Amino acid sequence: MGAVLERLGLTVPIVLAPMAGGVGTPALVAAVSQAGGLGSIGAAYLTPEQITAHGQAVRAHTDRPFAVNLFAPLPVPTVSADQVAGACAELAPFHASLGLPAPALPEHVQEDFETQFAAVVALQPAVCSFAFGRLVPAHLSQLRRAGILAVGTATSVTEARVLEADGVDAVVVQGGGAGGHRGGWQEDALADTVALTRAAVNAVRVPVIAAGGLMTAADVRAVLGAGATLAQCGTAFLLADEAGTSAAYRAALTVGGETVLTTAFSGRTARGLANAVSREVHTPLPYPHQNALTRPLRAAGAAAGRADVLSVWAGTGYAQATAAPAASILARLTP
Ligand SMILES: Cc1cc2nc3c(=O)[nH]c(=O)nc-3n(C[C@H](O)[C@H](O)[C@H](O)COP(=O)(O)O)c2cc1C
(Lines give C-alpha, C1' and ligand atoms only; values in the text may rest on other atoms or scores of the structure.)
Protein backbone atom coordinates (compact mmCIF):
# COMPACT_ATOMS: atom_id res chain seq x y z
CA MET A 1 0.00 0.00 0.00
CA GLY A 2 1.13 3.53 -0.75
CA ALA A 3 2.12 5.87 2.06
CA VAL A 4 -1.07 7.83 1.46
CA LEU A 5 -3.22 4.80 2.14
CA GLU A 6 -1.15 3.62 5.06
CA ARG A 7 -2.17 6.91 6.60
CA LEU A 8 -5.78 5.71 6.46
CA GLY A 9 -4.96 2.55 8.41
CA LEU A 10 -7.38 0.38 6.44
CA THR A 11 -7.30 -3.32 7.24
CA VAL A 12 -9.36 -4.26 4.18
CA PRO A 13 -8.35 -2.90 0.71
CA ILE A 14 -11.92 -1.96 -0.18
CA VAL A 15 -13.72 1.36 -0.55
CA LEU A 16 -17.51 1.49 -0.26
CA ALA A 17 -18.39 3.54 -3.37
CA PRO A 18 -20.09 6.82 -2.63
CA MET A 19 -23.76 6.40 -3.54
CA ALA A 20 -25.66 9.66 -3.65
CA GLY A 21 -29.44 9.73 -3.68
CA GLY A 22 -30.22 7.82 -0.51
CA VAL A 23 -28.45 4.45 -0.92
CA GLY A 24 -25.28 5.36 0.97
CA THR A 25 -26.72 5.97 4.44
CA PRO A 26 -24.49 6.95 7.37
CA ALA A 27 -25.18 3.47 8.82
CA LEU A 28 -23.78 1.80 5.68
CA VAL A 29 -20.74 4.10 5.57
CA ALA A 30 -20.02 3.51 9.26
CA ALA A 31 -20.44 -0.27 8.98
CA VAL A 32 -17.85 -0.50 6.19
CA SER A 33 -15.37 1.83 7.90
CA GLN A 34 -15.84 0.07 11.24
CA ALA A 35 -15.07 -3.28 9.55
CA GLY A 36 -11.74 -1.95 8.21
CA GLY A 37 -12.70 -0.65 4.74
CA LEU A 38 -13.26 2.96 3.72
CA GLY A 39 -16.90 4.04 3.79
CA SER A 40 -17.85 6.96 1.53
CA ILE A 41 -20.71 9.42 2.00
CA GLY A 42 -22.26 10.27 -1.39
CA ALA A 43 -22.84 13.93 -0.63
CA ALA A 44 -23.44 15.34 -4.11
CA TYR A 45 -27.16 15.99 -3.56
CA LEU A 46 -26.89 16.90 0.14
CA THR A 47 -27.20 20.41 1.54
CA PRO A 48 -24.24 21.65 3.61
CA GLU A 49 -26.29 21.01 6.78
CA GLN A 50 -27.03 17.45 5.66
CA ILE A 51 -23.33 16.86 4.92
CA THR A 52 -22.49 17.89 8.48
CA ALA A 53 -25.30 15.74 9.90
CA HIS A 54 -24.29 12.66 7.85
CA GLY A 55 -20.67 13.05 8.96
CA GLN A 56 -21.72 13.33 12.60
CA ALA A 57 -23.96 10.29 12.24
CA VAL A 58 -21.05 8.24 10.86
CA ARG A 59 -18.84 9.41 13.72
CA ALA A 60 -21.50 8.40 16.24
CA HIS A 61 -20.95 4.80 15.09
CA THR A 62 -17.23 4.64 14.37
CA ASP A 63 -14.00 6.53 14.91
CA ARG A 64 -12.51 4.97 11.76
CA PRO A 65 -11.74 7.12 8.68
CA PHE A 66 -14.33 7.77 5.98
CA ALA A 67 -14.63 9.69 2.70
CA VAL A 68 -17.08 12.33 1.52
CA ASN A 69 -17.81 12.53 -2.22
CA LEU A 70 -18.98 15.53 -4.23
CA PHE A 71 -19.60 16.21 -7.91
CA ALA A 72 -17.01 18.67 -9.22
CA PRO A 73 -18.54 22.05 -10.09
CA LEU A 74 -19.50 22.29 -13.74
CA PRO A 75 -21.03 25.22 -15.61
CA VAL A 76 -24.83 24.93 -15.60
CA PRO A 77 -25.93 24.85 -19.26
CA THR A 78 -28.64 27.16 -20.54
CA VAL A 79 -31.82 25.42 -21.67
CA SER A 80 -34.50 26.87 -23.94
CA ALA A 81 -38.21 26.98 -23.15
CA ASP A 82 -38.76 24.52 -26.01
CA GLN A 83 -36.29 22.05 -24.57
CA VAL A 84 -37.98 22.27 -21.19
CA ALA A 85 -41.41 21.82 -22.74
CA GLY A 86 -40.21 18.75 -24.68
CA ALA A 87 -38.65 17.13 -21.62
CA CYS A 88 -41.75 17.85 -19.52
CA ALA A 89 -44.03 16.39 -22.22
CA GLU A 90 -42.10 13.10 -22.14
CA LEU A 91 -42.44 12.84 -18.37
CA ALA A 92 -46.09 13.95 -18.20
CA PRO A 93 -47.65 10.47 -18.66
CA PHE A 94 -45.51 9.10 -15.82
CA HIS A 95 -46.58 11.95 -13.56
CA ALA A 96 -50.22 11.35 -14.47
CA SER A 97 -49.91 7.64 -13.69
CA LEU A 98 -48.81 8.53 -10.16
CA GLY A 99 -51.33 11.33 -9.65
CA LEU A 100 -48.52 13.93 -9.53
CA PRO A 101 -48.94 17.51 -10.80
CA ALA A 102 -47.52 18.10 -14.31
CA PRO A 103 -43.69 18.12 -14.43
CA ALA A 104 -42.06 21.53 -14.02
CA LEU A 105 -38.42 22.55 -13.90
CA PRO A 106 -37.65 23.97 -10.43
CA GLU A 107 -35.64 27.16 -10.12
CA HIS A 108 -33.07 25.51 -7.88
CA VAL A 109 -31.50 22.69 -9.94
CA GLN A 110 -28.50 21.78 -7.81
CA GLU A 111 -26.78 22.42 -4.50
CA ASP A 112 -24.18 25.17 -4.39
CA PHE A 113 -20.75 23.54 -4.65
CA GLU A 114 -18.89 26.19 -2.65
CA THR A 115 -21.06 25.77 0.43
CA GLN A 116 -21.01 21.97 0.11
CA PHE A 117 -17.23 22.07 -0.16
CA ALA A 118 -16.92 24.35 2.87
CA ALA A 119 -19.04 21.88 4.87
CA VAL A 120 -16.75 19.01 3.81
CA VAL A 121 -13.61 20.92 4.81
CA ALA A 122 -15.15 21.81 8.18
CA LEU A 123 -16.16 18.17 8.72
CA GLN A 124 -12.55 17.05 8.17
CA PRO A 125 -13.10 13.55 6.75
CA ALA A 126 -9.95 11.57 5.95
CA VAL A 127 -10.74 11.71 2.22
CA CYS A 128 -12.68 13.96 -0.14
CA SER A 129 -13.39 12.20 -3.42
CA PHE A 130 -15.03 13.80 -6.41
CA ALA A 131 -16.48 12.81 -9.78
CA PHE A 132 -17.56 14.38 -13.10
CA GLY A 133 -14.54 16.63 -13.48
CA ARG A 134 -11.67 18.46 -11.85
CA LEU A 135 -11.26 20.64 -8.79
CA VAL A 136 -9.59 24.02 -9.21
CA PRO A 137 -6.15 24.48 -7.58
CA ALA A 138 -7.64 26.60 -4.77
CA HIS A 139 -9.92 23.73 -3.70
CA LEU A 140 -7.15 21.16 -3.91
CA SER A 141 -4.85 23.28 -1.77
CA GLN A 142 -7.64 23.86 0.77
CA LEU A 143 -7.96 20.07 1.10
CA ARG A 144 -4.20 19.69 1.45
CA ARG A 145 -4.02 22.37 4.16
CA ALA A 146 -6.87 20.65 6.02
CA GLY A 147 -5.06 17.29 5.84
CA ILE A 148 -7.85 15.76 3.72
CA LEU A 149 -6.75 13.42 0.92
CA ALA A 150 -8.09 14.40 -2.53
CA VAL A 151 -9.28 11.54 -4.76
CA GLY A 152 -10.44 12.22 -8.34
CA THR A 153 -12.40 9.94 -10.68
CA ALA A 154 -11.22 8.91 -14.16
CA THR A 155 -12.78 6.71 -16.81
CA SER A 156 -9.70 6.71 -19.05
CA VAL A 157 -5.91 6.93 -18.77
CA THR A 158 -6.09 10.45 -20.21
CA GLU A 159 -8.34 11.59 -17.39
CA ALA A 160 -6.18 9.82 -14.78
CA ARG A 161 -3.13 11.72 -16.06
CA VAL A 162 -4.97 15.06 -15.95
CA LEU A 163 -6.09 14.44 -12.38
CA GLU A 164 -2.58 13.43 -11.32
CA ALA A 165 -1.16 16.60 -12.88
CA ASP A 166 -3.79 18.59 -10.95
CA GLY A 167 -2.31 17.17 -7.74
CA VAL A 168 -4.78 14.57 -6.48
CA ASP A 169 -3.52 12.06 -3.89
CA ALA A 170 -5.14 9.05 -5.59
CA VAL A 171 -7.34 8.35 -8.57
CA VAL A 172 -10.40 6.12 -8.91
CA VAL A 173 -10.50 4.47 -12.34
CA GLN A 174 -14.03 3.46 -13.26
CA GLY A 175 -14.60 0.70 -15.81
CA GLY A 176 -17.56 0.63 -18.17
CA GLY A 177 -19.59 -1.94 -16.21
CA ALA A 178 -19.90 0.32 -13.15
CA GLY A 179 -23.31 1.14 -11.73
CA GLY A 180 -24.46 4.75 -11.51
CA HIS A 181 -23.08 7.74 -13.36
CA ARG A 182 -19.99 7.70 -15.50
CA GLY A 183 -17.60 9.40 -13.11
CA GLY A 184 -15.26 11.14 -15.53
CA TRP A 185 -15.87 13.84 -18.10
CA GLN A 186 -15.47 11.62 -21.19
CA GLU A 187 -18.91 10.06 -20.85
CA ASP A 188 -18.26 7.62 -23.71
CA ALA A 189 -15.11 6.08 -22.16
CA LEU A 190 -16.16 2.52 -21.31
CA ALA A 191 -13.06 0.47 -20.59
CA ASP A 192 -12.75 -2.99 -19.06
CA THR A 193 -11.98 -2.45 -15.36
CA VAL A 194 -8.91 -4.71 -15.12
CA ALA A 195 -7.41 -3.43 -18.39
CA LEU A 196 -8.01 0.21 -17.39
CA THR A 197 -6.46 -0.45 -13.98
CA ARG A 198 -3.33 -1.97 -15.50
CA ALA A 199 -2.99 0.91 -18.00
CA ALA A 200 -3.56 3.57 -15.32
CA VAL A 201 -1.06 1.98 -12.92
CA ASN A 202 1.53 2.21 -15.70
CA ALA A 203 0.62 5.79 -16.54
CA VAL A 204 0.41 7.51 -13.14
CA ARG A 205 2.43 7.39 -9.91
CA VAL A 206 -0.42 8.09 -7.49
CA PRO A 207 -2.33 5.11 -6.03
CA VAL A 208 -5.05 3.73 -8.29
CA ILE A 209 -8.43 2.69 -6.88
CA ALA A 210 -10.25 0.33 -9.28
CA ALA A 211 -14.05 0.41 -9.68
CA GLY A 212 -16.63 -1.24 -11.88
CA GLY A 213 -18.22 -4.68 -11.70
CA LEU A 214 -16.24 -5.91 -8.68
CA MET A 215 -18.63 -8.36 -7.02
CA THR A 216 -16.43 -11.12 -5.54
CA ALA A 217 -13.10 -11.60 -3.75
CA ALA A 218 -11.75 -12.97 -7.05
CA ASP A 219 -12.72 -9.71 -8.81
CA VAL A 220 -10.98 -7.69 -6.09
CA ARG A 221 -7.92 -9.95 -6.32
CA ALA A 222 -7.83 -9.37 -10.10
CA VAL A 223 -7.67 -5.56 -9.81
CA LEU A 224 -5.13 -5.71 -6.98
CA GLY A 225 -3.12 -8.08 -9.19
CA ALA A 226 -3.30 -5.48 -11.97
CA GLY A 227 -1.67 -3.00 -9.58
CA ALA A 228 -4.62 -1.26 -7.92
CA THR A 229 -4.05 -0.17 -4.33
CA LEU A 230 -7.73 -0.46 -3.41
CA ALA A 231 -10.96 -1.72 -4.97
CA GLN A 232 -14.13 0.42 -4.88
CA CYS A 233 -17.44 -1.43 -4.83
CA GLY A 234 -20.94 0.03 -5.10
CA THR A 235 -23.40 -2.46 -6.57
CA ALA A 236 -22.16 -5.22 -4.23
CA PHE A 237 -23.61 -3.18 -1.32
CA LEU A 238 -26.98 -2.24 -2.86
CA LEU A 239 -28.80 -4.96 -0.93
CA ALA A 240 -26.90 -4.43 2.33
CA ASP A 241 -29.18 -4.26 5.37
CA GLU A 242 -27.83 -0.79 6.18
CA ALA A 243 -28.25 0.60 2.63
CA GLY A 244 -31.01 3.11 1.93
CA THR A 245 -32.04 1.22 -1.25
CA SER A 246 -35.85 1.49 -1.44
CA ALA A 247 -38.05 -1.62 -1.38
CA ALA A 248 -38.99 -1.12 -5.06
CA TYR A 249 -35.30 -0.77 -6.00
CA ARG A 250 -34.42 -3.95 -4.04
CA ALA A 251 -37.28 -5.83 -5.70
CA ALA A 252 -36.20 -4.70 -9.18
CA LEU A 253 -32.65 -5.93 -8.53
CA THR A 254 -34.03 -9.28 -7.47
CA VAL A 255 -36.28 -9.58 -10.55
CA GLY A 256 -33.38 -8.58 -12.83
CA GLY A 257 -33.19 -7.62 -16.49
CA GLU A 258 -30.50 -5.91 -18.52
CA THR A 259 -28.45 -2.91 -17.47
CA VAL A 260 -28.24 -0.01 -19.92
CA LEU A 261 -26.48 3.33 -20.14
CA THR A 262 -29.10 6.07 -20.03
CA THR A 263 -29.31 9.86 -19.78
CA ALA A 264 -33.09 9.76 -19.19
CA PHE A 265 -33.03 10.40 -15.43
CA SER A 266 -30.33 13.02 -14.97
CA GLY A 267 -29.08 14.19 -18.36
CA ARG A 268 -25.73 12.49 -17.70
CA THR A 269 -24.87 8.96 -18.74
CA ALA A 270 -25.42 6.39 -15.99
CA ARG A 271 -25.83 2.60 -15.84
CA GLY A 272 -28.95 1.05 -14.40
CA LEU A 273 -31.63 -1.52 -15.06
CA ALA A 274 -33.66 -0.74 -18.16
CA ASN A 275 -37.21 0.41 -17.37
CA ALA A 276 -40.06 2.48 -18.80
CA VAL A 277 -38.31 5.82 -18.24
CA SER A 278 -34.99 4.70 -19.77
CA ARG A 279 -36.92 3.31 -22.75
CA GLU A 280 -39.36 6.17 -23.33
CA VAL A 281 -37.47 9.36 -22.49
CA HIS A 282 -35.45 10.41 -25.54
CA THR A 283 -34.95 14.18 -25.19
CA PRO A 284 -33.76 14.74 -21.61
CA LEU A 285 -32.44 18.14 -20.55
CA PRO A 286 -28.69 18.32 -19.88
CA TYR A 287 -27.45 17.66 -16.32
CA PRO A 288 -28.30 18.95 -13.74
CA HIS A 289 -31.67 20.13 -15.18
CA GLN A 290 -33.05 16.66 -15.99
CA ASN A 291 -31.94 15.42 -12.58
CA ALA A 292 -33.95 18.19 -10.91
CA LEU A 293 -36.88 17.65 -13.28
CA THR A 294 -37.19 13.92 -12.53
CA ARG A 295 -36.69 14.22 -8.74
CA PRO A 296 -40.43 14.37 -7.83
CA LEU A 297 -41.13 11.38 -10.12
CA ARG A 298 -38.35 9.31 -8.58
CA ALA A 299 -39.44 10.17 -5.05
CA ALA A 300 -43.09 9.36 -5.74
CA GLY A 301 -42.11 6.18 -7.58
CA ALA A 302 -40.07 4.95 -4.62
CA ALA A 303 -42.95 5.70 -2.23
CA ALA A 304 -45.44 3.91 -4.50
CA GLY A 305 -43.21 0.88 -5.14
CA ARG A 306 -42.95 1.72 -8.87
CA ALA A 307 -39.53 0.57 -10.13
CA ASP A 308 -40.57 1.48 -13.70
CA VAL A 309 -40.01 5.18 -12.90
CA LEU A 310 -36.98 4.88 -10.60
CA SER A 311 -33.32 5.24 -11.49
CA VAL A 312 -32.38 1.66 -10.60
CA TRP A 313 -28.63 2.24 -10.82
CA ALA A 314 -26.80 -1.07 -11.04
CA GLY A 315 -23.50 -2.33 -12.40
CA THR A 316 -23.28 -5.23 -14.82
CA GLY A 317 -22.55 -7.60 -11.92
CA TYR A 318 -25.74 -6.80 -9.98
CA ALA A 319 -27.07 -10.38 -10.06
CA GLN A 320 -24.29 -11.32 -7.63
CA ALA A 321 -25.34 -8.76 -5.02
CA THR A 322 -26.63 -10.36 -1.84
CA ALA A 323 -28.84 -9.18 1.00
CA ALA A 324 -26.72 -9.26 4.18
CA PRO A 325 -25.16 -6.98 6.79
CA ALA A 326 -22.53 -4.73 5.17
CA ALA A 327 -19.74 -6.25 7.27
CA SER A 328 -20.42 -9.71 5.85
CA ILE A 329 -20.59 -8.37 2.29
CA LEU A 330 -17.22 -6.70 2.94
CA ALA A 331 -15.80 -9.94 4.33
CA ARG A 332 -16.98 -11.82 1.24
CA LEU A 333 -15.28 -9.27 -1.04
CA THR A 334 -12.00 -9.42 0.88
CA PRO A 335 -9.33 -11.39 -1.01
C1 LIG B 1 -26.55 3.67 -6.66
C2 LIG B 1 -25.21 4.23 -7.06
C3 LIG B 1 -24.93 5.56 -6.80
C4 LIG B 1 -23.68 6.08 -7.13
N5 LIG B 1 -23.40 7.39 -6.80
C6 LIG B 1 -22.13 7.86 -6.97
C7 LIG B 1 -21.75 9.13 -6.45
O8 LIG B 1 -22.54 9.83 -5.84
N9 LIG B 1 -20.47 9.54 -6.67
C10 LIG B 1 -19.54 8.77 -7.32
O11 LIG B 1 -18.40 9.19 -7.45
N12 LIG B 1 -19.87 7.56 -7.80
C13 LIG B 1 -21.13 7.08 -7.64
N14 LIG B 1 -21.45 5.82 -8.11
C15 LIG B 1 -20.44 5.04 -8.86
C16 LIG B 1 -19.48 4.37 -7.91
O17 LIG B 1 -18.57 5.29 -7.38
C18 LIG B 1 -18.65 3.25 -8.58
O19 LIG B 1 -17.94 3.75 -9.68
C20 LIG B 1 -19.47 2.08 -9.02
O21 LIG B 1 -20.43 1.73 -8.06
C22 LIG B 1 -18.53 0.90 -9.26
O23 LIG B 1 -19.14 -0.12 -9.99
P24 LIG B 1 -20.09 -1.23 -9.32
O25 LIG B 1 -21.37 -0.52 -9.05
O26 LIG B 1 -20.19 -2.27 -10.38
O27 LIG B 1 -19.43 -1.70 -8.06
C28 LIG B 1 -22.70 5.27 -7.79
C29 LIG B 1 -23.01 3.93 -8.05
C30 LIG B 1 -24.24 3.40 -7.69
C31 LIG B 1 -24.50 1.94 -7.97
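At a glance:
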| read-out | value |
| --- | --- |
| Number of the condition not met by VAL223 [criteria: (1) more than 30 Å from SER141 (Cβ to Cβ); (2) in contact (Cβ under 8 Å) with a residue 40 or more places away in the chain; (3) among the β-branched types (Val, Ile, Thr)] | (2) |
| So PHE265, is it over 30 Å from ARG332 (Cα atoms), within 14 Å of the ligand (Cβ to nearest atom) and crowded, with 24+ Cβ neighbours inside 10 Å | yes |
| Where PRO288 falls short, out of the listed (1) away from the ligand (no atom under 14 Å from the Cβ); (2) over 24 Å from CYS233 (Cα atoms) | (1) |
| Boolean, GLY21 is among the small types (Gly, Ala, Ser), within 16 Å of the ligand (Cβ to nearest atom), out of contact with any Asp or Glu (no Cβ under 6 Å at 6 or more places or on another chain) and open to solvent by 50 Å² or more (accessible area, probe 1.4 Å) | yes |
| Matching entry among VAL255, VAL277, VAL281 (being away from the ligand (no atom under 15 Å from the Cβ), buried (at least 20 other Cβ atoms within 10 Å of the Cβ) and either of a type in the set (A, V, I, L, M) or under 25 Å from SER97 (Cα atoms) (or both)) | VAL277 |
| Single residue of PRO296, PRO325, PRO335 found to be within 30 Å of GLY36 (Cα to Cα), in contact with a Pro (Cβ under 9 Å, 6 or more places away or on another chain) and open to solvent by 10 Å² or more (accessible area, probe 1.4 Å) | PRO335 |
| Top-ranked residue in segment 308-319 [being open to solvent by 30 Å² or more (accessible area, probe 1.4 Å) and within 16 Å of the ligand (Cβ to nearest atom); ranked as nearest to ALA247 (Cα to Cα)] | TRP313 |
| Residue within segment 37-56 that is in contact with a helix residue (DSSP H, G or I) (Cβ under 8 Å, 6 or more places away or on another chain), within 24 Å of ALA323 (Cα to Cα) and away from the ligand (no atom under 15 Å from the Cβ) present | no |
| Unique residue being modelled with pLDDT of 95 or more, among the basic types (Lys, Arg) and closer than 15 Å to ALA314 by Cβ when the list is ARG198, ARG205, ARG221, ARG250 | ARG250 |
| Leading residue by the ranking (farthest from the ligand (Cβ to nearest atom)) among those in segment 172-189 that are among the aliphatic types (A, V, I, L, M) and under 14 Å from the mean Cα position of the chain (by Cα) | VAL173 |
| ALA292 vs. criteria over 15 Å from the mean Cα position of the chain (by Cα), without any contact (Cβ under 8 Å) to a residue 60 or more places away in the chain and farther than 28 Å from LEU8 by Cα | no |
| Pair list, Cβ < 8 Å and 6+ apart or interchain, from segment 26-43 residues that are at pLDDT below 95 to residues that are surrounded by fewer than 23 Cβ atoms within 10 Å (Cβ to Cβ) | none |
| Spans of helices (runs of 4 or more DSSP H) in segment 68-163 with at least 3 residues buried (at least 16 other Cβ atoms within 10 Å of the Cβ) and within 16 Å of the ligand (Cβ to nearest atom) | 113-123 |
| Every pair of residues 6+ apart whose Cβ atoms lie under 6 Å, when the first sits in segment 45-60 and is closer than 23 Å to LEU293 by Cα while the second is open to solvent by 30 Å² or more (accessible area, probe 1.4 Å) and assigned to a helix (DSSP H, G or I) | PRO48/THR115 |
| Matching entry among ALA303, ALA292 (being within 25 Å of ALA72 (Cβ to Cβ) and out of contact with any helix residue (DSSP H, G or I) (no Cβ under 8 Å at 6 or more places or on another chain)) | ALA292 |
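The values are calculated or read from the model by the stated rules, or taken from the named source; none is laboratory data. Worth saying up front: this structure is predicted, and the values here are computed from it rather than measured. Methodologically, a virtual Cβ is constructed for each residue, glycine included, from the backbone with ideal geometry; neighbour enumeration extends over all protein chains shown. Remember, those area values only see protein heavy atoms, side chains included, never the ligands or the DNA or RNA. Shrake-Rupley method; radii C 1.70, N 1.55, O 1.52, S 1.80 Å.
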